[in-house]
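**Student:** This is the structure, below, for whatever I ask next.
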Amino acid sequence: MEFALTEDQEMIRDAARDFADRVLRPNAARWDAEESFPEDAMAEAAAAGFMGLTVPEDYGGAGLGNLHAAILLEEINVGCASVGVTLSVHMSLMCSMLNKHGSTELKQKYLPALADGSCIGAYCLTEPQAGSDAAAVRTSAVKVDGGYVLNGTKAWITTGAQAGLFVVYAVTDAEAKKGSGMTAFLVEKDFPGLKVGKKEEKLGIRASSTTEILLEDVHVPNENVVGAVNGGFKIALDTLDGGRIGIASQAVGIHRACLEASVKYSKEREQFGKPINRFQAISFKLADMATELDAARLLVHRAAWLRDQGLPSTKACSMAKLYASQACNRAAQDAVQIHGGAGYTKEFPVERYYRDARITEIYEGATDVQRIVISRNLD
Ligand SMILES: Cc1cc2nc3c(=O)[nH]c(=O)nc-3n(C[C@H](O)[C@H](O)[C@H](O)COP(=O)(O)OP(=O)(O)OC[C@H]3O[C@@H](n4cnc5c(N)ncnc54)[C@H](O)[C@@H]3O)c2cc1C
């Protein structure tokens, strides 16, 4: 067993860390306050090759796997969790999904622009009545000459306002058993009838855009079906396994930011004549944060490695997401506490980390949904 990063993993880590230090950390608080999507930072991430990290070299990407992506995403999320989720959804829920399940024609058509970042990907599964119960989607896809006509409302779509390509999961067989009549379609933002709906005002990750996507008589050609007709729900779930590695990496990144800020502050802040990290109540919190951070990262790297090997990874992905997101929230809680009143203000970044941490337990399967997945996969 090998715990050290390889040379190219170290290169990815260093490039992402440099980007986070230079571009993300200095601006993340402003983007959060303004709720502004960081177009320039995303362009710089694209220029650095981050958007195409998991796209095969034949289609203009770096051809790397989930483990490299996890290492990259941890660094990005230390700097800004909004950029982190934008990248995670693009890489896992669009690029990896298309590469694994799409036809050669679809890959040739869309992967190069996704890899160079000129097109951002979005994932449209959730609907107002279909959250944890994702098989309850009602968006319909009716067969017509040459393709399908889609109608419905997708909710909570990350990067909805900026994405150029959407994978939309819609019902092609309403009579089929729940979930088994669903198909995945690639829908371009300029297809007539696709509209960006309400933008959500959020507690955290406020610089990422989250919107409704409205589909009103959107004609999608046959060739834009991904995988088999009525095979979409399997694709959605398989894709989410990979996505959960991305969100667990996000949790590890926010967690690390909490720990680093808390170590620094507790060394500088003095009470009762000494730095507060000399009080056992504080130093034990730091010890727990550091230990749980390492445990979370190891679970994430194991899940990513399993998926890269093509081995069963559903349980490991859910375990990584469950543990990393909960550990991240404990760390964020303690980070604010260690900062005292200062942690409750925007003078210090921990109040943003505290708000950003919450989402890691909700999207791509809420905490109890991960428990359901894990328990169903116990031998
Ligand atoms: C910021 C943000 C970005 C998102 N981005 C996307 C996106 O890009 N694409 C997309 O398709 N979706 C996206 N989502 C949707 C997200 O995946 C859902 O919010 C999530 O799956 C939970 O669904 P829900 O909000 O409807 O909660 P509900 O399903 O209503 O759950 C509410 C609570 O009930 C619990 N619960 C539900 N069912 C069970 C059960 N069987 N057993 C135990 N507890 C249960 C949940 O754990 C949760 O605590 C996003 C959401 C947010 C908030």
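The values are calculated or read from the model by the stated rules, or taken from the named source; none is laboratory data. Treat the numbers as computed from the prediction; the structure is a model and nothing was measured. Because the Cβ atoms are built from the backbone with ideal geometry, glycine has one as well, and the counts that use them run over all protein chains shown.
**Student:** Only one residue in LEU306, LEU298, LEU378 is buried (at least 17 other Cβ atoms within 10 Å of the Cβ), over 17 Å from the mean Cα position of the chain (by Cα), more than 16 Å from the ligand (Cβ to nearest atom) and on the phi < 0 side of the Ramachandran plot. Which one?
**Tutor:** Residue meeting the stated conditions: LEU306.
**Student:** Looking at segment 120-132, which of its residues are surrounded by 14 or more Cβ atoms within 10 Å (Cβ to Cβ) and either more than 8 Å from the ligand (Cβ to nearest atom) or within 19 Å of VAL196 (Cβ to Cβ) (or both)?
**Tutor:** Answer for segment 120-132, where residues must be surrounded by 14 or more Cβ atoms within 10 Å (Cβ to Cβ) and either more than 8 Å from the ligand (Cβ to nearest atom) or within 19 Å of VAL196 (Cβ to Cβ) (or both): ILE120, GLY121, ALA122, TYR123, CYS124, LEU125, THR126, GLU127.
**Student:** Then there's this: Name the single residue, out of those in segment 227-261 being touching a strand residue (DSSP E or B) at 6+ places or on another chain (Cβ under 6 Å) and part of a helix (DSSP H, G or I), that is surrounded by the most Cβ atoms within 10 Å (Cβ to Cβ).
**Tutor:** Going through the qualifying residues, I end up with GLY232.
**Student:** Within the bounds of segment 173-184, is there any residue that is closer than 16 Å to LEU214 by Cβ and surrounded by fewer than 17 Cβ atoms within 10 Å (Cβ to Cβ)?
**Tutor:** Within segment 173-184, none of the residues are closer than 16 Å to LEU214 by Cβ and surrounded by fewer than 17 Cβ atoms within 10 Å (Cβ to Cβ).
**Student:** Suppose we filter ALA161, ALA135 for residues that are within 16 Å of the ligand (Cβ to nearest atom), at pLDDT 95 or above and outside any helix (DSSP H, G or I); which single one remains?
**Tutor:** Answer to the check: ALA161.
**Student:** Residues in segment 316-351 that are under 13 Å from LYS285 (Cα atoms) and β-branched (Val, Ile, Thr): how many?
**Tutor:** Number of matching residues: 2.
**Student:** Would you be able to say whether some residue in segment 139-156 is buried (at least 16 other Cβ atoms within 10 Å of the Cβ) and assigned to a loop (DSSP other than H, G, I, E, B)?
**Tutor:** Yes - at least one qualifying residue is present in segment 139-156.
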